[in-house]
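The structure appears right after this line, and notes come after that.
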Amino acid sequence: MAALGRLAGVLSRSVAARGRLFSAEAHSEGGSARTWKVLTFLVAFPSVAVAMLNSYLKELNHHEERPEFIPYEHLRIRSKKFPWGDGNKTLFHNSHMNALPDGYEECEDSAHH
């Protein structure tokens, strides 16, 4: 009977020790969550804001000239018409930057480009 009492005492101490171990882990997880929250607000959000500002300012000063048209044989091949529009323009066609197989389209408002 005394052995059973000692076994119960050992088990209760080990259960209590495990409980303290798990509570310490839970406490440290709260600390890491706080660390990630602080990093998000002090590093991530300002970094995204600076990147957005940088791209916005670059776009304000961005004036791209359209490249010279060179009729390479391997570019702008139309073996079959596109199923939209006149069949010659791609789905996201930009008349200022995208050439057709025979050259650029002439814009009426070419002074604005």
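As for the range 85-95, it holds no residue that is small (Gly, Ala, Ser) and loosely packed, with under 10 Cβ neighbours inside 10 Å.
Here GLU29 does not fit the description of being at pLDDT below 85 and part of a loop (DSSP other than H, G, I, E, B). Residue-level check: of (1) at pLDDT below 70; (2) not in a helix (DSSP H, G or I), ARG18 misses just (2).
Residues that are of a type outside the set (S, T, N, Q), over 18 Å from HIS96 (Cα atoms), without any contact (Cβ under 8 Å) to a residue 40 or more places away in the chain and in a loop (DSSP other than H, G, I, E, B) do not occur anywhere in the range 46-69.
The values are calculated or read from the model by the stated rules, or taken from the named source; none is laboratory data. In this text, all values refer to a predicted model and were calculated from it rather than measured experimentally. All Cβ positions, glycine included, derive from the backbone under ideal geometry; neighbour counts span all protein chains shown.
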